[in-house]
Amino acid sequence: MYDLKDYDYELPEDLIAHNPKDKRDSSSLLCLDRETGVTNHKVFTDIIDFFKPGDTLVLNNTRVVPARLYGKKETGGKIEILILDYIKGIEKLNKNGFFECDCLVKASKRPAVDSTLYFDGFTAVVTDFKNGVSTLRFDSSEIENILEEKGELPLPHYINKDEERDDRTKYQTVYAKEKGAVAAPTAGLHFTDELLSKLKDKGVDITYVTLHVGYGTFVPVRVSDIRDHKMHSEFFTVSKETADIVNSAKKDGRRVIAVGTTSVRTLEYASKETGIVQPGSGSCDLFIYPGFKFNIVDAVITNFHLPESTLMMLISAFAGRENVMKAYKEAIKNEYRFFSYGDSMLII
């Protein structure tokens with residue numbers, strides 16, 4: 001269970017979803033009983049039937065930043081940049097008056113340190129370069145407005161299209177609030193305001209954590225023994241209100257249902273020292289793979305993940321690798337749609 005190849009599977013390319021369903025909650029839903037391995041096929045709107053009054057639903061309210069920009073080098077060569085740590089950049093802006101952050105820079109030749117990059121109406125200076133990442137200092141303090149006006153959403157590499165106008169809405173959850181992610185917490189894309197309202201009416205407590213999904217979520221595992229993998233870190237926040245709600249549920253024996261692997265990692269990281277969720281903020285670098293002991297999460301709503309990804313390892317830790325691989329074969333057989341804009345899975 002520690003061999004990278006244990007998390008590989010063959011996926012027909014035509015099952016990769018390049019666009020979402022027209023209605024968020026019309027996606028297919030594969031339900032997996034993690035104790036028995038039994039699967040059932042539903043539609044996402046049916047998920048309400050699996051909830052009980054008193055359950056706590058935890059959602060990640062991060063908001064994807066239009067973090068991709070296009071410009072030119074001093075030589076005139078074209079460049080494409082992807083902002084990696086928006087939150088740190090905003091912190092520097094608030095403290096020092098300038099926005100400086102790490103970026104991936106795509107160019108025919110890497111721009112040198114101290115060179116200037118030119119964009120539409122503003123510039124940035126390359127202040128550092130380490131491990132394939134350039135640090136850029138922007139000359140404008142209006143970076144938030146600039147990104148909203150001129151930036152593009154960084155759709156995942158496996159989505160074979162440029163950003164379209166409706167992606168600005170469809171690649172955000174309906175409850176997205178806190179800016180900072182470069183990728184959406186895609187398990188939450190299936191929820192609608194109406195469905196969340198129905199869950200509340202059923203007596204389900206709904207609360208939020210924030211984990212800003214970083215580019216590292218797409219970085220492949222490159223070691224044969226997964227225990228040697230170094231997990232990327234992402235900024236998270238757990239409010240006292242959320243911690244109290246979740247801890248109360250656990251104390252009363254009520255279920256905590258996490259939406260997405262990001263919510264799972266946040267809750268388990270925030271409780272790893274005591275088994276009780278602690279409020280606070282920081283960097284979450286928790287790598288969950290088989291053998292991990294879950295303190296908080298009782299059920300997971302998730303999407304279908306890339307082969308050999310840390311996300312496959314997380315859900316395998318939660319549901320058992322054999323159960324997960326069998327469920328994925330079932331999903332492929334029934335032509336479920338995979339990855340960010342794909343269908344959904346409930347592990348309960």
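The values are calculated or read from the model by the stated rules, or taken from the named source; none is laboratory data. Predicted, not measured: the structure shown is a model, and the values here were computed from it. With ideal geometry, Cβ positions are generated from the backbone for all residues, glycine too; neighbour counts draw on all protein chains shown.
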Considering every residue within the range 308-325, establish whether at least one is part of a strand (DSSP E or B) and among the hydrophobic types (A, V, I, L, M, F, W, C).
no
Given the structure, is ALA258 of a type in the set (A, V, I, L, M, F, W, C), assigned to a loop (DSSP other than H, G, I, E, B), within 14 Å of the chain's Cα centre (by Cα) and buried (at least 22 other Cβ atoms within 10 Å of the Cβ)?
no
Close pairs (7 angstrom Cβ cut-off, 6 or more residues apart or separate chains): modelled with pLDDT of 95 or more in the range 129-148, among the aromatic types (Phe, Trp, Tyr) and buried (at least 19 other Cβ atoms within 10 Å of the Cβ) anywhere:
PHE138/PHE99
Under the condition of being of a type in the set (Val, Ile, Thr) and either surrounded by fewer than 18 Cβ atoms within 10 Å (Cβ to Cβ) or free of Cβ contacts under 8 Å to residues at least 40 places away in the same chain (or both), which residue from the range 269-327 is nearest to GLY37 (Cα to Cα)?
ILE288
For the range 99-157, which positions are closer than 22 Å to GLY214 by Cβ and among the aromatic types (Phe, Trp, Tyr)?
PHE99, PHE129, PHE138
Return the residue satisfying two criteria in turn: it lies in the range 48-85 and is in contact with a helix residue (DSSP H, G or I) (Cβ under 8 Å, 6 or more places away or on another chain) and closer than 16 Å to SER140 by Cβ, and of such residues it is surrounded by the fewest Cβ atoms within 10 Å (Cβ to Cβ).
PRO66
For the range 1-51, what are the residues that are under 18 Å from ILE332 (Cβ atoms) and acidic (Asp, Glu)?
ASP6, ASP8, GLU10, GLU13, ASP14
For the structure I just gave you, tell me whether THR217 is in contact with a Leu (Cβ under 8 Å, 6 or more places away or on another chain), β-branched (Val, Ile, Thr), at negative phi and at pLDDT below 95.
yes
Is there any pair linking a residue in the range 154-170 that is not assigned by TED's automatic domain parsing to the domain that holds ASP193 to one that is among the polar types (S, T, N, Q) and in a loop (DSSP other than H, G, I, E, B), with Cβ under 6 Å and at least six apart or on different chains, and which?
PRO156/SER340
